[in-house]
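Peer 1: Submitted below is the structure of interest, expressed as structure tokens.
The values are calculated or read from the model by the stated rules, or taken from the named source; none is laboratory data. None of these values were measured; they are calculated from a predicted model. Backbone-built Cβ (ideal geometry, glycine too); neighbour counts: all protein chains shown. Surface areas here come from the heavy atoms of the whole protein model, side chains and all, with no ligands, DNA or RNA. Shrake-Rupley method; radii C 1.70, N 1.55, O 1.52, S 1.80 Å.
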Amino acid sequence: MEKEKRHYSIEFKIKAVELSNQRGSVKPVAVELNIPLDNLRRWRKEYRAGKFSPANKPIYKNLKPFGYH
């Protein structure tokens, strides 16, 4: 049985990283948030490299909410 791939928002990743930095530990935060430990470790590395800055966030222009034309 395949695991369903979960997608996390940039905001969630930032909060998870900041929480783990605050607490000084990765594993308890990953368990608490029910996310794979490797994901949180990778996000911390990406966070330190500046990959979660607003400049790297995708911008979607001219999109309307679902159901609008």
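Peer 1: For residues that are open to solvent by less than 80 Å² (accessible area, probe 1.4 Å) and part of a loop (DSSP other than H, G, I, E, B), tally how many sit in the range 1-42.
Peer 2: Of the residues in that region, 7 qualify.
Peer 1: Determine the pairs where a residue that is on the phi < 0 side of the Ramachandran plot, located within the range 1-13, has a partner that is at pLDDT 85 or above with Cβ atoms under 7 Å apart, the partner being 6 or more residues away or on another chain.
Peer 2: Going by the 7 Å Cβ cut-off, the qualifying pairs are LYS13/TRP43.
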